[in-house]
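Reviewing the structure listed below.
Every number here is computed from the coordinates shown, using simple stated rules; none is lab data. Note that the coordinates shown come from a computational prediction; the quantities given were computed from them, not determined experimentally. Here the Cβ positions follow ideal geometry from the backbone for every residue, glycine too, while neighbour counts run over all protein chains shown.
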Amino acid sequence: MHRPLFFMAIVLLILGCSPDNGTSNAPQSAAPWVRTLVVTDASSAFIKLSGTVKGRYETPVAFQVSGRILERHVDAGQRVEAGQLLFQLDPRDLLASVRVAEAEMRTTEAALAIARSELQRQQKLVEGQFVSRQTLERYELTLREAISQHQAANAVLEQTRNALDYAELRAEKAGILNAVTAEPGQVVTMGQPLATLIDDSSLEVEVYLAEGVDAPASGSVLIEGEPLVIVLREVAASADPDSRSWRARYRIESASGDLSLGTVVQVMLDQPLQDTTFSVPLGALDERNQGPQVWQVIDEQVQPVPVEVLELNREYAGFVRLWQTVAVLLLWAHIY
């Protein structure tokens, strides 16, 4: 019954007493191979941002007189032509003002005619020496006063007629209406913005730059994979109070039929670099120590070199500025 246990004990004893010759049958791993790469000098970097296509001129549309909107002839996003009717005010009060001004004009015309007639009569009396010269001068002053009142009434009449014309708000130039807020029946004041007329004949790209970043002078915008050249036109005088970013407008040099107002596009702005820079694969960047570094190969020996990372993307550590002059061979951090 105990015979199987007896034979197992003998086998274990023999194995335990066998001499160890110091060799092991475990496979030894070969020395790791690393990949080296010849890096290239990069003279410029890019700032990648999202931008919005805007019109060069965005003019608020408003009435020059106050009143109640009678009709609205356009909608937001509609393209309009120069001279097209946009909004119309109720003209009743303006027509009444015109009638008052016309009545005042007729009154001053009658007064002017009487003053002229009386002056002519007084001149004949002076010639016959029936009245003094001082009396004639008084009638001459009356005539000049009548002329001034007639001119003032004429100006008021012209003003009221202009106001009646202002009751019809027309587009000053062709473009696209945006942010239409007025509705029929709404009472509006003079100068109150009712919409924005955007001139789409000259397009720009609006971007927001981080605080402390100077606006590059040029760049490109990608439209269906095709780059269009853009040039800086203006930078805001102050940062946005909420985001602390700086608004910049870039003029699109060449027109494209695929561009439309409000489209969000990818913008790449040129950023010239003053120091020597390199572009290396993302795997060559080592950030396990005090800071980012790459490995330099010199005489088959490797040594770490601290770097400053300017840009990262999916494949490359974009434009790594080296703190010292190095050879062009870098050790790829991945082990194969």
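Contact order for the range 109-197, expressed relative to its length and based on alpha carbon pairs under 8 Å spaced 6+ residues apart, stands at 22 percent. In this simple spin-label approximation, Ala210 and Gln120 carry label points 7 Å from Cα along the Cα→Cβ vector, and these lie 8.7 nm apart.
Fewest-first ordering of Val280, Val98, Val309 by other beta carbons within 10 Å of each residue's beta carbon gives Val309, Val98, Val280. Taking other C-beta atoms within 10 Å as the exposure proxy, Phe278, Phe63, Phe130 rank Phe130, Phe278, Phe63 from fewest upward. Within the straight-line cut-off of under 16 Å between alpha carbons, the aspartates and glutamates reachable from Lys124 are Glu137, Glu140, sequence neighbours fewer than 8 places apart in one chain being disregarded. Going 7 Å from the Cα of Ala110 toward and past its Cβ, which residues in the range 135-157 have a backbone nitrogen under 20 Å from where you end up? Within reach of a label on Ala110: 142-157. Shown for Ile147, Ile176: other C-beta atoms within 10 Å of each C-beta, ranked fewest to most, produce the order Ile147, Ile176. Here Lys173 is the anchor, and the aspartates and glutamates within straight C-alpha reach of less than 13 Å, apart from those fewer than 8 places off in the same chain, are Glu58, Glu81, Asp199, Asp200. Using the Cβ-Cβ distance between Arg161 and Leu282 with R0 set to 45 Å, the FRET efficiency works out to roughly 0.05. Projecting label points 7 angstrom from Cα along Cα→Cβ for Thr59 and Ser202 puts them 1.2 nm apart.
Take the Cβ atoms of Gln134 and Ser243, set R0 to 56 Å, and the FRET efficiency comes out at 0.10.
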